[in-house]
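For reference, the structure is listed below as structure tokens.
The values are calculated or read from the model by the stated rules, or taken from the named source; none is laboratory data. Predicted model, so just to flag it, every value in this text is computed and none were measured. Here the Cβ positions follow ideal geometry from the backbone for every residue, glycine too, while neighbour counts run over all protein chains shown. Each accessible area value is taken on the protein alone, full model and side chains, heavy atoms only, with ligands, DNA and RNA left out. Shrake-Rupley method; radii C 1.70, N 1.55, O 1.52, S 1.80 Å.
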Amino acid sequence: DIVDAIRQLSQRFELHMASGNPAWIVEALLRRLGARELTGFPFGSDLAGALKRAPYEQFYRAITTKIGGPPEKLVVVDDAEKPLAAARELLGAITVRVGTPSETDGDNIVIDSLSSLPALIDSHVLI
């Protein structure tokens, strides 16, 4: 399940959750899932100082500034192509879309569920 995937990943990587919703909603969702202690800073559009909408630059720059590290080492996971395209173009991030493969996926790696992410990483496709 998703929480197991988050748990597995948190043992090896620094995880953060970002959303276009306010940070308190991100925090509440993580707590409800029982995954809050497994993740770092919960980003919402209020804390990023920008809405999560095109062109996304201010949103992603605020997040990368807060967490530090080279942006090209980030793996950005989303269910929508436009934010992922921005993460690739603006940050050079690796992008993974959760959903059914489509013609608009471009350079995204596509998985059917977040629970598939640890196996994808273990297969060395991402790192």
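The single condition from (1) open to solvent by 50 Å² or more (accessible area, probe 1.4 Å); (2) aliphatic (A, V, I, L, M); (3) modelled with pLDDT of 90 or more that I6 fails is (1).
When residues in segment 82-126 are screened for being in contact (Cβ under 8 Å) with a residue 40 or more places away in the chain and either under 19 Å from E14 (Cα atoms) or among the aromatic types (F, W, Y) (or both), 7 of them pass.
Among the residues making up segment 87-127, those that are under 26 Å from L33 (Cα atoms) and acidic (D, E) are D112, D122.
Mind listing just one residue for me: the one in segment 45-68 that is in contact with a Lys or Arg (Cβ under 9 Å, 6 or more places away or on another chain) and part of a loop (DSSP other than H, G, I, E, B) and, of those, farthest from V26 (Cα to Cα)? Checked segment 45-68; the qualifying residue farthest from V26 (Cα to Cα) is A54. Here A28 meets each of (1) over 23 Å from S10 (Cα atoms); (2) of a type in the set (A, V, I, L, M, F, W, C); (3) out of contact with any Asp or Glu (no Cβ under 8 Å at 6 or more places or on another chain) with one exception, condition (1).
Only one of the numbered conditions (1) surrounded by 14 or more Cβ atoms within 10 Å (Cβ to Cβ); (2) in contact with a Pro (Cβ under 9 Å, 6 or more places away or on another chain); (3) farther than 22 Å from D122 by Cβ is violated by H16, and that is (3). Taking segment 24-54 as the range and being touching a strand residue (DSSP E or B) at 6+ places or on another chain (Cβ under 7 Å), within 25 Å of E89 (Cβ to Cβ) and of a type in the set (S, T, Y) as the test, no residue passes. Take the residues in segment 20-40 that are open to solvent by less than 40 Å² (accessible area, probe 1.4 Å) and touching a residue at least 24 places away in the same chain (Cβ under 8 Å), then tell me which one is farthest from K52 (Cα to Cα). Looking at residues that are open to solvent by less than 40 Å² (accessible area, probe 1.4 Å) and touching a residue at least 24 places away in the same chain (Cβ under 8 Å), I get G34.
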